[in-house]
Amino acid sequence: MAPRAEPWSFAGRVLVVTGAAQGVGEATARLMAARGAAGLALLDRNRAGIEALAGELERAGTPAEPIPVELARVEDCFAAIDRAAARFGSLSGLVNAAALTDRGTIDDTTVELFDRLIAVDARAPFFLIQRILPHLRRAGGGTIVNLLSLTIWSGPAYLAPYVAAKGALAAITRNVAAAVIKDRVRVNGLNLGWTVTPAERLVQTTVHGRPADWPEIEGARQPMGRLLTPEDAARAICFLASDESALMTGAIVDFDQRVVGVTPPSLRFEPPAPSAPPSP
């Protein structure tokens, strides 16, 4: 009898990861490869980034297909899944990690900005799921993980269209999970907190005017003394995408160091004062 694979292993599985050129998507692809994935389809509009990653993974022994895609175009989403299936045959799962985080408030968000974020952050995942589902059904099941955001519970005023798009994706997650449970396809979402990615570093320094060391400054204000990293997120995503999460489906998991509605967004950790030594 062949040894049973560990529940966290991706041995024998081919997965599609969007946003794979950097940040959470890249970290997720790397971890899936390290955990034995049989193949990875790497989707991103950054062709150079995914080609470099694919080459690195291939040299390390994981078959990888870089697929340049403009997620705002539904036809590109369909073509990307078709190309992944043509390269690998059977597909086992999808991670929707790509997203735009362009700023806008209820007062200044244009129709164009709103439509762009909805197209990339909500519509693209919807139609990528639609296209991959026949492959997962033929395989007898699979997993889908949607990267959401803790901001869906409210969020700062300047992220209004982003919150709208991620809120829509959260609703899609639960709706699709209920629809495909009969096919043994599990669909879950991860509400990610503030994470230090290359894109976030750029936005914070160029849009918000923060200094280059803003992650250390803001991290020191957090209860755990740091902000989340892409690797933190990747481990949580791989939990949801693997057998480690067992029968879990339709879940929207808050992944941050605070409790929404209870813990303030920034709360410096204060270690307890040393207790007085016992009396002799």
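Readers should treat all values here as calculations from the given coordinates under stated rules, not as data from a laboratory. All values derive from a computational prediction rather than experimental measurement. Note: ideal-geometry Cβ built from the backbone for every residue, glycine included; neighbour counts use all protein chains shown.
Couple of notes before you dig in:
- Some residue of the range 140-147 being out of contact with any strand residue (DSSP E or B) (no Cβ under 8 Å at 6 or more places or on another chain) and either free of Cβ contacts under 8 Å to residues at least 40 places away in the same chain or crowded, with 21+ Cβ neighbours inside 10 Å (or both): no
- Condition check for Arg87: without any contact (Cβ under 8 Å) to a residue 24 or more places away in the chain and farther than 26 Å from Tyr162 by Cβ: no
- Sub-9 Å Cβ pairs linking a first residue in the range 213-233 that is of a type in the set (S, T, N, Q) to a second residue that is surrounded by 15 or more Cβ atoms within 10 Å (Cβ to Cβ) and assigned to a loop (DSSP other than H, G, I, E, B), at least 6 apart or interchain, are Gln222/Trp194; Gln222/Gln257; Gln222/Arg258; Thr229/Val196; Thr229/Thr197, ordered by first then second residue.
- Residue in the range 184-194 that is out of contact with any Asp or Glu (no Cβ under 8 Å at 6 or more places or on another chain), among the aliphatic types (A, V, I, L, M), surrounded by fewer than 20 Cβ atoms within 10 Å (Cβ to Cβ) and under 16 Å from Gly250 (Cα atoms) present: no
- For the range 97-114, the criterion of being surrounded by 21 or more Cβ atoms within 10 Å (Cβ to Cβ), touching a residue at least 40 places away in the same chain (Cβ under 8 Å), under 14 Å from Leu15 (Cα atoms) and out of contact with any Ser or Thr (no Cβ under 7 Å at 6 or more places or on another chain) is met by none of the residues.
- Test: residue in the range 250-266 that is in a helix (DSSP H, G or I) and in contact with a Phe, Trp or Tyr (Cβ under 7 Å, 6 or more places away or on another chain): no
- Residue check, Ala80 within 21 Å of the chain's Cα centre (by Cα), among the small types (Gly, Ala, Ser) and surrounded by fewer than 21 Cβ atoms within 10 Å (Cβ to Cβ): no
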